[in-house]
Amino acid sequence: PTSDWMPFTKLVAVLSRFLPPDAIQSISKLHADYKREKMSRREMVEKMRNIVGDKLLLGIIKRYRRRK
């Protein structure tokens, strides 16, 4: 099965072009905590949105979907 979700590693790679290293490090830590089941997916996404901002996040995901 395929999904419209952007792979996390790809998302981080693109975000690293726009965000400072400390923001990327925070996002990577959120993902690691999610993988270790220390937080829910919803919590991870909410915190990530606070770091990245909805406008940038949506722009990157929409661009990724158009390229698929």
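Observations on the structure shown:
- Residues (surrounded by 13 or more Cβ atoms within 10 Å (Cβ to Cβ) and either farther than 15 Å from A13 by Cα or modelled with pLDDT of 95 or more (or both)) located in the stretch 54-65: L56
- Subset tally (residues that are surrounded by fewer than 16 Cβ atoms within 10 Å (Cβ to Cβ) and either within 27 Å of R67 (Cα to Cα) or in contact with a strand residue (DSSP E or B) (Cβ under 9 Å, 6 or more places away or on another chain) (or both)) for the stretch 3-25: 16
- Pair list, Cβ < 8 Å and 6+ apart or interchain, from the stretch 39-62 residues that are at negative phi to residues that are open to solvent by 60 Å² or more (accessible area, probe 1.4 Å) and not in a helix (DSSP H, G or I): L56/F18
- Scanning the stretch 1-55 for residues that are more than 12 Å from the chain's Cα centre (by Cα) and polar (S, T, N, Q) yields T2, S3, S40.
The values are calculated or read from the model by the stated rules, or taken from the named source; none is laboratory data. From a predicted model like this one, the values you see are computed outputs, not experimental measurements. Glycine also receives a Cβ, built like all others from the backbone with ideal geometry; neighbour counts cover every protein chain displayed. Heavy atoms of the whole protein, side chains included, go into the accessibility calculation; ligands, DNA and RNA do not. Shrake-Rupley method; radii C 1.70, N 1.55, O 1.52, S 1.80 Å.
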